[in-house]
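J.: One structure follows; several queries about it will come next.
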Amino acid sequence: MTGKDVSGVAAKAAELLRLHREPELLRVVNVWDVISAKVVAGVEGTTALATASHSIAASRGYEDGENIPVGEMIDEVARIVAATELPVTADLEGGYGNAAETVRRAIGVGAVGANIEDQLKPLAEAAAQVEAIMKAADAEGVPDFVLNARTDAFLKAGDRDPADVLADAVERGKAFLDAGAPVVFVPGVLSEGQISTLSEAFGPQRLTVIGLPGLPSHERLAELGVARISYGPLSQRVALTALAELTESVREGGGIPAGTRALN
């Protein structure tokens, strides 16, 4: 990137970080291509965009779980970044074998934040990965890069005691914060009590959650000190459900639903 490009990316990263630090909950509906990005960005009040790796992979014919080549993922992130003036954070799964290098490449196309999964690697290794990512971002001239360091403690809990799972999530999240991550992502079906414990352990505006059914209201999440709520592949599922319902309606002699918007 040129010096001008670096300063622009750095400014957007600072803005994204500010949005996480505000007491108001940052609400992000995830996107997977240019048209979904334009639709979400065009809704009044949208302040940032986040990609969904699962959704990008699915749209290109790959199963989730780092089956999409990293180059294809970065290419799609680049298209989304180019389609909006809003800050964009990219879901980059576990980093495709080299998380720091993958983040460096994402910054190169204008991303100013990223989700990186810990995949329950040994804690020292996972924390070192976080530190390497933040050092890479700093070296690229983007010290405010918003790494949303994800722990899979709840997603991979199996039949473990929930108290032990919560304790692991707290330990891993605190280690990631100590390693330089500005926020920690703990996906899963979390109770209000679990969210409160995580938020108290990490500090205000340091926790990200996913908007699964059963979560407390947005207002309550803000009261608990949550920084951000995102929706991962759920937004694509909503869109594809609407497409399936249209297909069913057409098959039965119906047509386009009333209220359909011209969004492209």
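Rule-based calculations on the coordinates, nothing more; no lab input. Computed from a predicted structure; not experimentally measured. Neighbour counts run over all protein chains shown; Cβ positions are idealised from the backbone, glycine included.
J.: Treat the count of other C-beta atoms within 10 Å as a stand-in for reagent exposure and order Ile35, Ile80 from fewest to most.
T.: Ile35, Ile80
J.: Further, regarding this structure: Using a 10 angstrom Cβ neighbour count of at most 15 plus a DSSP loop assignment to flag exposed GluC sites (Glu not before Pro), which longest range of the chain is free of such sites? Kindly include the intermediate steps, with their values, before the conclusion.
T.: Details: sites that count: Glu24, Glu44, Glu63, Glu85, Glu252.
Excluding the exposed sites themselves, the longest stretch runs over 86-251.
J.: First select every other residue whose beta carbon is under 10 angstrom from the beta carbon of Gly188; then total the charges, Lys and Arg +1, Asp and Glu -1.
T.: So the environment of Gly188 carries a net charge of 0.
J.: Moving on. Do the sum for the chain: with -39,500 (n - 2.57) for every DSSP H run of n ≥ 4, divided by all residues, what is the mean residue ellipticity at 222 nm, to the nearest 500 deg cm²/dmol?
T.: -15000 deg cm²/dmol
J.: Pick from Leu243, Leu207, Leu215: which is most flexible by mean-square fluctuation in a GNM of the chain where alpha carbon atoms under 10 Å apart are linked?
T.: Checking each option, the largest mean-square fluctuation is seen for Leu243.
J.: For the chain, modelled as a GNM with alpha-carbon contacts under 10 angstrom, which of Gly180, Gly211, Gly61 fluctuates the most?
T.: Looking only at Gly180, Gly211, Gly61, the biggest GNM fluctuation is shown by Gly61.
J.: Quick one: go through segment 63-91 and flag any residue whose amide nitrogen is under 15 Å from the point 7 Å out along the Cα-to-Cβ line of Leu212.
T.: No residues fall inside that zone.
J.: While we're on this one: So how strong a dipole does segment 117-185 carry about its Cα centre when Lys and Arg Cβ are +1 and Asp and Glu Cβ are -1, to the nearest 20 debye? Don't skip to the end; give the middle numbers.
T.: Numbers: 7 positive and 14 negative charges, 8 e Å.
Magnitude of the dipole: close to 40 debye.
J.: Let me ask you something else. Extension gain Val238-Asp75, at 0.36 nm per residue separation less the Cα-Cα distance, in nm? Before the final figure, lay out each step's value.
T.: Values: separation 163, 0.36 × 163 = 58.68 nm, distance 2.42 nm.
Contour length minus Cα-Cα distance gives 56.3 nm.
J.: Sort Phe154, Phe145, Phe185 so that the residue with the fewest other Cβ atoms within 10 Å of its own Cβ comes first and the one with the most comes last.
T.: Exposure proxy ranking, most exposed first: Phe154, Phe185, Phe145.
J.: Which whole-number percent is the relative contact order of segment 148-210 (Cα, under 8 Å, 6+ apart)? Please report the intermediate quantities before stating the final value.
T.: Details: 79 pairs, mean separation 25.2, N = 63.
Value for segment 148-210: 40 percent.
J.: Return the whole-Å distance between the Cα centroid of segment 226-254 and the Cα centroid of segment 71-116.
T.: One Cα centre to the other: 25 Å.
J.: For Asp138 and Asn67 in one chain, what is 0.36 nm times their gap in residues minus the Cα-Cα distance, to one decimal in nm?
T.: Gain in length upon complete extension: 22.7 nm.
J.: Nothing charged except the Cβ atoms of Lys and Arg (+1) and of Asp and Glu (-1): what's the magnitude of the dipole of segment 61-141 about its Cα centre? Round to the nearest 20 debye.
T.: Details: 5 positive and 16 negative charges, 57 e Å.
Result for segment 61-141 is approximately 280 debye, rounded to the nearest 20.
J.: So, how do all the Cα-to-Cα distances of segment 1-150 break down into 10 Å bins, in percent, from 0 on up?
T.: 12, 43, 37, 8, 0
J.: Multiply the residue gap between Val43 and Arg251 by 0.36 nm, knock off their C-alpha separation, and tell me the result in nm, one decimal place. Numbers along the way, then the final one.
T.: Numbers: separation 208, 0.36 × 208 = 74.88 nm, distance 3.13 nm.
Length difference between fully extended and current span is 71.8 nm.
J.: Leaving out same-chain residues fewer than 8 places away, which lysines sit with a Cα under 26 Å from that of Lys135?
T.: List returned: Lys4, Lys12, Lys121, Lys174.
J.: Can you compute the modelled spin-label distance between Ala258 and Arg220, with each label point 7 Å from Cα toward Cβ, in nm?
T.: About 3.5 nm, to one decimal.
J.: A follow-up question, please. When only C-alpha pairs under 8 Å and at least 6 residues apart count, what is the relative contact order of the chain, in percent?
T.: For the chain, the relative contact order is 21 percent.
J.: For segment 70-109, list residues with backbone N below 13 Å from a point placed 7 Å from the Cα of Arg18 toward its Cβ?
T.: Under 13 Å, as judged by backbone N against the label point of Arg18, lie 87 of segment 70-109.
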